[in-house]
Structures are given as C-alpha cells and as structure tokens.
C-alpha cells in the first residue's frame, strides 16, 4: 500500500479539485485562474531545483538533457503529444463528459512529474513529488472542470491506476535503480520539473517538455559508462 500511496493522494487531489470546480469554479475570475497557476509554477520551480541540488555530476546531467532533447526533437515527441491533444479536442469539440475526461487525462498523466513521482514512491516509499503534484492537479482540475466539463472527474481513477502501476514497477526494479544511478535520474528529473514550473509561470510552451522526456533514459547509459571506467568529470 505504501508504494501506491502517492498515486492515491494524487487521484484524490484531482477528485476534490474537480468537485470544487463543478460546484463553484465558474465563479472564479479569469485573472485569478491565471495568477493561481503562475503561483503554483513558482513553487514547482523551487521543488525542481531542490531535487537537482547539489548537482553532483553536472556534465552527465547536461549530457542526459541534451541527448534526451536531441532524441525527443528528432522523434518530434512534443509535437506528437500536442497534435494528439488537438485531435482529441476536435473529436469531442463540445462540452461534456468526453472533452473533460480526455483533456484531464492528458494533462494529469503526460509529464515528468507523474513519471518521477511514481518512481520515487515505488523506490523509497515516500511521495513528496506526487503530493505536490496532487495540489497542482487539484487546482488545475478546479479550473479545467469549470471550462471543459464534469468528465474531468473521471481522470482521477485513470491517474491512480497509471501512477500506481509505475510505482509498483519501480519497486520491482529497486535493486537496479538505487545509489548514484537514482541520484542522476533524480537530478535530471528535478530540472525537468523546474521546466514545467517555468511553463506555468509564462503560461506557454516555452520549454518543450515532451521532447525532454527521453532524458530520463540517458542516465542509465551514462551510469553504465561510469561502471566501465569512463567519466566526464
């Protein structure tokens, strides 16, 4: 149960936020919604930097991010995610269950915080990333429900199942994902989380997070090089 506690908290956060948005979300002014998301963005930036500090191997971190960005850009991951989101919206282009459900599921589950938070919970039993994400998602759910409809509520169990599955998988891989390797992944993930916060603050896609997702894989390769005596620092 401890390994999926973060997923449960996140799912409940979305549920509570959706209910608040369903009941009274339309009473919030547009200015309040924008400012609330920017304040959350600032907090997320600080959380990301705290995860990344003190940056024990800056060269490997930079290589992971640059190689991951290169692979993600070559695969057009961010564009594909954006196109899928627009396609889904066009298919359900009217208020109602489907629009809210698809929008919520995409927003809450496609991102670094979801992956990293689940890994952290599964590997350590602690879930500060998912706890923070639950506040972020809950606030977003409140705003999204007031705009996209009541189907956002249904994204709650989907998020729980997705993140819970990742956490259980991570706990099975605990013997591999530990020590210096886990630290490297944590640092890369922390900087990606900070990038998510920057996008919230500026209310745009300043940093294409989708293209950065492969960066979480490269610490594994660079760690393998380390074990064979090849260091960049």
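Are any of the residues in the range 152-173 closer than 23 Å to residue 32 by Cα, outside any loop (DSSP other than H, G, I, E, B), modelled with pLDDT under 85 and touching a helix residue (DSSP H, G or I) at 6+ places or on another chain (Cβ under 9 Å)?
yes
Do the conditions hold for residue 63, that is, is it assigned to a helix (DSSP H, G or I) and either in contact (Cβ under 8 Å) with a residue 40 or more places away in the chain or under 24 Å from residue 167 (Cα atoms) (or both)?
Yes, satisfied.
Any idea which of (1) touching a residue at least 40 places away in the same chain (Cβ under 8 Å); (2) surrounded by fewer than 18 Cβ atoms within 10 Å (Cβ to Cβ); (3) assigned to a helix (DSSP H, G or I) is the one residue 55 doesn't satisfy?
(3)
Would you please name the residue that is surrounded by the most Cβ atoms within 10 Å (Cβ to Cβ), looking only at residues in the range 4-31 that are touching a helix residue (DSSP H, G or I) at 6+ places or on another chain (Cβ under 9 Å) and modelled with pLDDT under 80?
So, considering only residues that are touching a helix residue (DSSP H, G or I) at 6+ places or on another chain (Cβ under 9 Å) and modelled with pLDDT under 80, the one surrounded by the most Cβ atoms within 10 Å (Cβ to Cβ) is 25.
Looking only at the range 67-78, which residues are touching a residue at least 60 places away in the same chain (Cβ under 8 Å) and either surrounded by fewer than 13 Cβ atoms within 10 Å (Cβ to Cβ) or assigned to a helix (DSSP H, G or I) (or both)?
67, 68, 69, 71, 72, 73, 77, 78
Restricting to the range 180-225, name every residue that is surrounded by fewer than 17 Cβ atoms within 10 Å (Cβ to Cβ) and closer than 19 Å to residue 54 by Cβ.
180, 183
Has the range 88-102 got any residue that is more than 17 Å from residue 146 (Cα to Cα), surrounded by fewer than 14 Cβ atoms within 10 Å (Cβ to Cβ) and either modelled with pLDDT under 85 or in contact with a strand residue (DSSP E or B) (Cβ under 6 Å, 6 or more places away or on another chain) (or both)?
Yes; the residues of the range 88-102 include at least one that is more than 17 Å from residue 146 (Cα to Cα), surrounded by fewer than 14 Cβ atoms within 10 Å (Cβ to Cβ) and either modelled with pLDDT under 85 or in contact with a strand residue (DSSP E or B) (Cβ under 6 Å, 6 or more places away or on another chain) (or both).
The values are calculated or read from the model by the stated rules, or taken from the named source; none is laboratory data. A quick note: this is a predicted structure, and the numbers were derived from the prediction, not measured. Every residue, glycine among them, receives a Cβ derived from its backbone with ideal geometry; neighbour counts consider all protein chains shown.
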